[in-house]
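Nothing in this text is a laboratory measurement; each read-out follows from the coordinates by a stated rule. Owing to the predicted nature of the structure, the values given are computational and were not obtained by experimental measurement. Because the Cβ atoms are built from the backbone with ideal geometry, glycine has one as well, and the counts that use them run over all protein chains shown.
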């Protein structure tokens, strides 16, 4: 029987204090913990936010992000050691670093990265120094060693063990001069490819790619902006298009029924932009439907 454990990780160190720090409480209030019959595994408190970019790394809060990643990794590790499935509620996408660190300390794991953005910027290409736009680059070993080489474990995830799924920001990547994720060994399923294949076929192919790599298992990263902007306007960096709620639910069901998923981090949903709570309720219902056995 799959047992879920919720970890609150309301860090905005990789973004800014816009409201995403309220995500854990909003989703729990909408019924996520009860719907998953999950236990509560505690809060990982974030260090104070600094709005000044570090002159050496060009990042916001690099030292604080490293510290937080190590603390979050400890919390994730405790849940995994108990044989439970961690559900890490952000906060911003930089939480992925701590989750990946926890897995890397154990061995080699895959990553299914469900996100409207590739999050593959480099520090000199990201206009605000926000690590939430760089997290996939960082866990795959690109960026300052302060974050890419925590505990001497660089890279936290191998390129060939990563599936990027549902992104639709290729034009923005070119505009900002970001590295093209398609020039790497990362398996990139942009939204157009997902739609041409169909959601079930595409996500099943993603699982099969990782299975062929003989990995222990894989982690799921979920950014709320992978959803269609018409459904999920409560995010800070909006993009036209995206997955439907049913498509996200289907993708999560396939990932969970593969028996290869070990945990998930969920981020970027901003409750301040959800004035009546209806978006949180729809998102929560989709998560419960997709994650539940």
- Query: In deg cm²/dmol, rounded to 500, what helix-only [θ] at 222 nm does the chain give when every DSSP H run of at least 4 residues adds -39500 (n - 2.57) and the total is split over its residues?
  - Reply: -10500 deg cm²/dmol
- q = 0.25, 0.27 Å⁻¹, region 1-64: log10 I(q)/I(0) [Debye, one scatterer per Cα]: -1.03, -1.12
- Query: Highest mean first, what order results for 34-45, 202-213 on Cβ atoms within 10 Å?
  - Reply: 202-213, 34-45
- Message: For a test of the definition: using alpha carbon positions, the gyration tensor, and the 1.5 limit on a/c, classify region 146-227 as rounded, prolate or oblate.
- Response: oblate
- Query: Over region 1-111, what number does the Rg to Rh ratio reach, with both radii from the alpha-carbon atoms and Rh per Kirkwood?
  - Reply: 0.99
- Which order do the peptides 243-256, 6-19 take when ranked by the mean count of other beta-carbon atoms within 10 Å per residue, highest first? 6-19, 243-256
- Give the shape of region 48-90 as rounded, prolate or oblate, defined through the alpha-carbon gyration tensor: a ≥ b ≥ c are the square roots of its eigenvalues, a/c under 1.5 means rounded, and otherwise the shape is prolate if a/b is larger than b/c and oblate if not. prolate
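Plugging the Kirkwood radius over Cα pairs into Stokes-Einstein for the chain, at a temperature of 37 °C and a viscosity of 0.692 mPa s, what D comes out in µm²/s?
Using the Kirkwood radius from Cα pairs, D works out to 178 µm²/s.
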- Could you order peptides 189-201, 66-78, 214-226 by the average number of other Cβ atoms within 10 Å of their residues, highest first? 214-226, 66-78, 189-201
- Once you have a ≥ b ≥ c as the square roots of the Cα gyration tensor eigenvalues for region 154-293, tell me rounded if a/c is under 1.5, and otherwise prolate or oblate according to whether a/b is larger than b/c. oblate
- Query: For residue 195 and residue 124, what does the FRET efficiency come to when R0 = 25 Å and r is the distance between their Cβ atoms, rounded to the nearest 0.05?
  - Reply: 0.15
